[in-house]
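Notes follow the structure.
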Amino acid sequence: LQLFSEPDNVHKLHYAMESLKRSMKWDEDVYGLEYDLDLYNIVAVNSFNMGAMENKGLNVFNTAYVLADQATATDTDYERV
């Protein structure tokens, strides 16, 4: 699992990674589905004009939907992630 973002957002990647791990574990537990690739990447981009673009192995998200920072994020921000 890897997450990438623009340099000014790197400090926000921790919550996204923890959320990703919990989501994948939930899929495994609830649906019995294990991720079938050796690689999974997420790219968070400030200026991405769509909510997300999903391809197997690479998802591109607007930062508003994948990044959060304890110092500035609201509860709604965390729910969105």
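Read the figures in this text as sums done on the coordinates, not as results from a lab. What you see is a predicted model, and the numbers here were worked out from it, not measured in a lab. Using ideal geometry, Cβ is built from the backbone for each residue, glycine included, and neighbour counts are taken over all protein chains shown.
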If you count the DSSP beta bridges with both ends in the chain, what percent of them are antiparallel, to the nearest 5? 30 percent
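Quick one: grab the alpha carbon gyration tensor of region 1-61, order the square roots of its eigenvalues as a ≥ b ≥ c, and give me rounded if a/c is under 1.5, else prolate or oblate depending on whether a/b is larger than b/c.
On the way: a/c = 2.20, a/b = 1.68, b/c = 1.31.
Cα axes put region 1-61 in the prolate bin.
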Roughly how tilted is helix 13-31, in degrees to the nearest 10 and between 0 and 90, from the longest Cα axis of the chain? 30 degrees
Can you find, among 23, 70, 49, the residue sitting farthest towards the positive end of the charge dipole of the chain, where Lys and Arg contribute +1 and Asp and Glu -1 at Cβ? 49
If the reach is capped at under 19 angstrom between alpha carbons, list the aspartates and glutamates near residue 12, excluding any in the same chain fewer than eight residues apart. 69, 75, 77, 79
Given H placed 1.01 Å from N in the peptide plane, which residues other than close sequence neighbours of residue 59 have an amide H under 5 Å from its amide H? 41, 42, 43
What are the lysines whose alpha-carbon lies under 21 Å from the alpha-carbon of residue 56, with same-chain residues fewer than 8 places away excluded? 21, 25
Highest-fluctuation residue, 41, 49, 59 considered, GNM on the chain with Cα pairs under 10 Å: 49
Quick one: which residues, 5+ away or cross-chain, put their amide H under 5 Å from the amide H of residue 48? H built at 1.01 Å from N. 63
Output wanted: per-residue J couplings in Hz (rounded whole) for region 37-44, from phi through Karplus 6.51 cos²θ - 1.76 cosθ + 1.60, θ = phi - 60°, x for Gly and Pro. 10, 7, 9, 9, 10, 10, 10, 9
Residues whose built amide H sits under 5 Å from the amide H of residue 5, excluding neighbours closer than 5 in sequence, are 44
Express the relative contact order of the chain as a whole percentage, based on alpha carbon pairs under 8 Å and six or more residues apart in sequence. 30 percent
